[in-house]
Amino acid sequence: MIKIVTVIGARPQIIKAAALSRAIAKEYSGRIREVIVHTGQHYDANMSQVFFDELGIPKPDYNLGVGSGPHGRQTARMIEGLENILLEEKPDFLVLYGDTNSTLAGAIAASKIHIPIAHIEAGLRSFNKTMPEEINRIMCDHASTLLFSPTATGLANLVHEGFRADSLPPFSSDNPGIYHCGDVMYDNTLHFAGIARKPSGIDITEGKFILATIHRDNNTDIPERLSAIFSALQRFSLKRQQQIIVPLHPRTSALLEKNLEKELYSGILKNDFIKIIPPVSFLEMTWLENHASQILTDSGGVQKEAYFFRKPCVIARPETEWVEIVNAGAGIIADADETRITQALEFFENNPVIDFPAVFGDGKAAEFICGEIIKASV
């Protein structure tokens, strides 16, 4: 039996890990032992623990309890804690997800002591190195032994950076194996859509509301950008008398009063069409995504989930890693621009998307990943 250590820290990683843990329990329980390490990057119960409870993920074997803080200090504490765990556990592979500081810390800790890394969501690129996530994902990819890309575009990005699509085993960080395997979040969507539940305490009608999520620092921390986004929501909701549901991270919620223009903030509080609600659970978010008419977001994960549920998506960023969504006509990049956001929302209101090509796999990415990790460990 091989041993893997899975590192999670932020909410999306917890959700993605559910797919792999489920595949191990269902298909590979006799061949893979999984040790889960939670860095504590997201430590609020509503943003972390509830996902373990809902998704049936095994409780973490370790929790570093790092919490928030400046990038350098947070990452350094994670590296130290992860190195100690890896030296004790001596796994065959370290499994990392996505592009957070937890991902970067795991890549550094494992590569320094020569533990092979499997990176899930490899090859994604925004081509914007001012984003911390872009640095994290590039550095993790170039330290990894197995790189699992959810899309053909991601695989092409790796090839353009010098990875060889025709490399043969045995694989190592100097001779990595790269794969187009599909998206583990699509696995989850298929699995959990049937048990998703409507959030309690809010009056909403299926198909009659827009879902909006905003959390990235370069939107929430810059008053001009935050005001532009919420001005667009305010303008559109009043013009169309359209209900907009906005689940907000606690940090973002606190920044609204501070960073929004006073008149805009007051207007939003008085606007019956805009409902700002606390963070929702994964199953509640799944319900909202599935039953919204369209979605506005700066989240990469929510962009994909909108696509999984065949919902048009307005992207409140200057670029996206998920170019397939835009190429399919299912997403519009509007950045934090009031006019562009309003125009995009109006376009999708008048022109519902009808074509969603199957670009994210067959819903069995996690099983494929487990199989390749086993092969590489022999």
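The values are calculated or read from the model by the stated rules, or taken from the named source; none is laboratory data. Note that this is a predicted model, so its numbers are computed, not measured. Glycine also receives a Cβ, built like all others from the backbone with ideal geometry; neighbour counts cover every protein chain displayed.
So Ser167 fits all but one of (1) touching a residue at least 12 places away in the same chain (Cβ under 8 Å); (2) of a type in the set (S, T, N, Q); (3) out of contact with any Phe, Trp or Tyr (no Cβ under 6 Å at 6 or more places or on another chain); what number is the exception?
(1)
Do the conditions hold for Ile36, that is, is it in contact (Cβ under 8 Å) with a residue 12 or more places away in the chain, touching a strand residue (DSSP E or B) at 6+ places or on another chain (Cβ under 8 Å) and among the β-branched types (Val, Ile, Thr)?
Yes, satisfied.
Is it true that some residue in region 227-244 is in contact (Cβ under 8 Å) with a residue 24 or more places away in the chain, surrounded by 15 or more Cβ atoms within 10 Å (Cβ to Cβ), of a type in the set (A, V, I, L, M, F, W, C) and out of contact with any strand residue (DSSP E or B) (no Cβ under 9 Å at 6 or more places or on another chain)?
There is at least one residue in region 227-244 that is in contact (Cβ under 8 Å) with a residue 24 or more places away in the chain, surrounded by 15 or more Cβ atoms within 10 Å (Cβ to Cβ), of a type in the set (A, V, I, L, M, F, W, C) and out of contact with any strand residue (DSSP E or B) (no Cβ under 9 Å at 6 or more places or on another chain).
Looking only at region 84-129, which residues are free of Cβ contacts under 8 Å to residues at least 12 places away in the same chain and of a type in the set (S, T, N, Q)?
Selection gives Asn84 alone.
I need a count of the residues in region 28-60 that are at pLDDT below 85, buried (at least 19 other Cβ atoms within 10 Å of the Cβ), assigned to a loop (DSSP other than H, G, I, E, B) and not β-branched (Val, Ile, Thr).
Of the residues in region 28-60, 3 are at pLDDT below 85, buried (at least 19 other Cβ atoms within 10 Å of the Cβ), assigned to a loop (DSSP other than H, G, I, E, B) and not β-branched (Val, Ile, Thr).
Does any residue of region 117-133 turn out to be touching a strand residue (DSSP E or B) at 6+ places or on another chain (Cβ under 9 Å), β-branched (Val, Ile, Thr), under 28 Å from Gly162 (Cα atoms) and part of a loop (DSSP other than H, G, I, E, B)?
Within region 117-133, not a single residue is touching a strand residue (DSSP E or B) at 6+ places or on another chain (Cβ under 9 Å), β-branched (Val, Ile, Thr), under 28 Å from Gly162 (Cα atoms) and part of a loop (DSSP other than H, G, I, E, B).
Testing Ser167 on (1) crowded, with 20+ Cβ neighbours inside 10 Å; (2) in contact with a Pro (Cβ under 9 Å, 6 or more places away or on another chain); (3) not aromatic (Phe, Trp, Tyr), one condition comes back false. Which one is that?
Just one mismatch for Ser167, condition (1).
Show the residue pairs that are 6+ apart or on different chains and have beta-carbon atoms under 7 Å apart, the first residue being within region 53-64 and assigned by TED's automatic domain parsing to the domain that holds Ala18, the second being in a loop (DSSP other than H, G, I, E, B).
Going by the 7 Å Cβ cut-off, the qualifying pairs are Glu54/Ser281; Asn63/Gly40; Leu64/Thr39; Leu64/Gly40.
In region 340-370, which residue that is surrounded by fewer than 16 Cβ atoms within 10 Å (Cβ to Cβ) and touching a residue at least 40 places away in the same chain (Cβ under 8 Å) is farthest from Gly182 (Cα to Cα)?
For region 340-370, the residue satisfying everything is Glu346.
Among the residues of region 21-41, count how many are over 13 Å from Pro60 (Cα atoms) and of a type in the set (A, V, I, L, M, F, W, C).
Counting residues in region 21-41 that are over 13 Å from Pro60 (Cα atoms) and of a type in the set (A, V, I, L, M, F, W, C) gives 4.
Do we find a residue being under 26 Å from Pro318 (Cβ atoms), in contact with a Pro (Cβ under 7 Å, 6 or more places away or on another chain), in a loop (DSSP other than H, G, I, E, B) and of a type in the set (Asp, Glu) anywhere in region 180-195?
Scanning region 180-195, I find at least one residue that is under 26 Å from Pro318 (Cβ atoms), in contact with a Pro (Cβ under 7 Å, 6 or more places away or on another chain), in a loop (DSSP other than H, G, I, E, B) and of a type in the set (Asp, Glu), so the answer is yes.
Can you pull out the residues in region 201-245 that are over 17 Å from Arg317 (Cβ atoms) and aliphatic (A, V, I, L, M)?
Ile202, Ile204, Ile210, Leu238, Ile244, Ile245 - these are the residues of region 201-245 that are over 17 Å from Arg317 (Cβ atoms) and aliphatic (A, V, I, L, M).
Restricting attention to region 312-324, and to residues there that are surrounded by fewer than 24 Cβ atoms within 10 Å (Cβ to Cβ) and not polar (S, T, N, Q), which single residue is nearest to Ala232 (Cα to Cα)?
It comes out as Arg317.
Pull out all pairs, ordered by first then second residue, where Cβ-Cβ is under 7 Å, the residues are six or more apart or on different chains, the first lies in region 258-284 and is under 16 Å from Leu238 (Cβ atoms), and the second is among the charged types (D, E, K, R) and part of a helix (DSSP H, G or I).
Tyr265/Glu257
Which of (1) of a type in the set (A, V, I, L, M, F, W, C); (2) assigned by TED's automatic domain parsing to the domain that holds Thr252; (3) assigned to a loop (DSSP other than H, G, I, E, B) does Ile229 not meet, given it meets every other one?
Failed condition: (3).
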